[in-house]
Each structure stands twice: as structure tokens, then as C-alpha cells.
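K.L.:
Have a look at the structure that comes next, please.
Throughout, read-outs are computed from the coordinates displayed, never taken from laboratory work. Keep in mind that this is a model prediction, so the values were computed, not measured.
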Amino acid sequence: MALEIACVPALSDNYIWLAHDPASGETVVVDPGVAEPVEAELARRGWRLSAIWTTHWHPDHTGGNEALKAAHGVPVIAPAAEAARIPTADRLVREGDTVRLGGHVAAVWETPAHTAGHISYHLAGARLIFVGDTLFAMGCGRLFEGTAEQMFANMRRYAALPGETAVYCAHEYTASNGRFAQSLAPDDAALVERMAAVAAARAEGLPTVPTSIALEAATNPFIRAENVGELAALRAAKDSFRG
């Protein structure tokens, strides 16, 4: 049975994801920066929380861990490389480990660059991946603790996934990322079409994610970068972009 995914907007531009397995009744929350909207959505849907999956240590991704853990008695799964910065963690995972949501299995990918120990959760059977702040719609995460080499490797790894793979990132950055992408290729038809769809969604207050690997391959300059130097130059340009 397919997973049900719920988007929980939080803070200024965060998205917290709830993934629910109807067959088992289990539900995980990914990167709960705050607890209150998660509790409200769980209650609204009648879902039972079974685990917390964390991609990296930043407070806007972990701020709700303690309250949700205490309220529901569930484990926090977190990257082993960031154990010291995620004191709520119960199970530490690294590359090659797996975590379960009912009958669904998520492979842990180490995807450092935004933070030193950032991880992603890839559910191949469900054709989806939770990428935290590594890959965004038409963008990628800032290189706060890692390198362009690491981010380029992440982009290549994501790009190798099947095109239909749904990508669940953690922020509503799409319009800004798209404006940067269009500054590089203003006449690109795929970008023009996508930005029209983004504007329509935001006008209605709707999220612009999840995206897909195929859509990113067509419109994301970072995932399309051909080498490390190109990605590094793009990231530096985006960091100072004010469009």
C-alpha cells in the first residue's frame, strides 16, 4: 500500500513532512523544527506517531524533537556524524543503514555539504527521498560545513535516481531559486513554464514541493552542473544573488 505524505508548513518557510503507512498505521515525522503544527496535523488525520527522522542538526529541523519524543514515546533517528549536536537522538545511523516505516524500507545516504553529517532517507520502493537541506527545487543547500566537492557528489547521486522519484525538501525556496536559474538562462522554455506554475501555486498559498528528479534534471542548475568548479561558481553566485 502506498505511503501517504502530509506537508506541515512551519516557522517562516520550513516544511515538516509526515509519512504514514496505512497498512501498519505507523507514521514518521521528518525534521520537526517545532512540535505544535505536527501535533495538530496528527490529530486532524488521526495518525499515530512512531518515529522521528532527522536529516541534520540545525534547530529549524530538530527544535520539535524533544517535545514530540516526550509526548509520544518515540525514538529519534539521527545522523551518527552529528550525534554531539542532536542530544535527543536514540538511534544513530550512517551510510548503508536502513530504517523502516511499516513495510517500507528507507536507505540512509550520507549527503554532507550543508552540514558535515547531513543524511537523506531514500525509500526506493515508494519512489521518494527526503533530502532535508541538500537538494531544493531548482537549488541546493548552502555550503555551511562542507565543500563543493561533496555537494557535487550529492547532486550526481540524486541525478542517478529514476526520474519519477519524488523529492521532499525542507524549505519553500523555489521562487527565489527559480529567479536565479532564470538569470542564467532567461529564455529557457522549461524554466519559464516552471516559474509560471510556481507563481500560480504560491498565489494560492500552496507548496511548490515535492519536486521530482526529472523536473530538477530539466531546470536545476546545480544538479545540471558538469563539474565541481561549475557547481562552486554557481553556489557562490547564488549566495550573493539578490534577484
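K.L.:
Computed from these coordinates, which is Cα Rg over 2.2 N^0.38 Å: (i) 1.04; (ii) 1.12; (iii) 0.97?
P.N.:
Recomputing Cα Rg over 2.2 N^0.38 Å here gives the entry labelled (iii).
K.L.:
Taking amide H positions as placed in the peptide plane 1.01 Å from N, state which residues far from residue 128 in sequence (5 or more) or on other chains have amide H under 5 Å from it.
P.N.:
123, 166
K.L.:
Write down the percent of antiparallel bridges among all DSSP beta bridges whose residues are both part of the chain, to the nearest 5.
P.N.:
The antiparallel fraction comes to roughly 65 percent.
K.L.:
May I pose another question? Report the relative contact order of the stretch 1-130, percent, no decimals, based on alpha-carbon pairs under 8 angstrom and at least 6 residues apart.
P.N.:
Normalised by residue count, the contact order of the stretch 1-130 is 18 percent.
K.L.:
Provide the three semi-axes, in whole Å and in decreasing order, of the ellipsoid equivalent to the stretch 30-88 as defined by the square roots of 5 times the Cα gyration tensor eigenvalues.
P.N.:
Rounded to whole Å, the semi-axes are 20, 11, 9.
K.L.:
Quote the Stokes-Einstein diffusion coefficient, in whole µm² s⁻¹, for the stretch 13-147, based on the Kirkwood radius over alpha carbon pairs, a temperature of 20 °C and a viscosity of 1.002 mPa s. Display every interim value, and only then the final one.
P.N.:
Working: Rh = 14.8 Å.
The Stokes-Einstein estimate is 145 µm²/s.
K.L.:
When only C-alpha pairs under 8 Å and at least 6 residues apart count, what is the relative contact order of the chain, in percent?
P.N.:
14 percent
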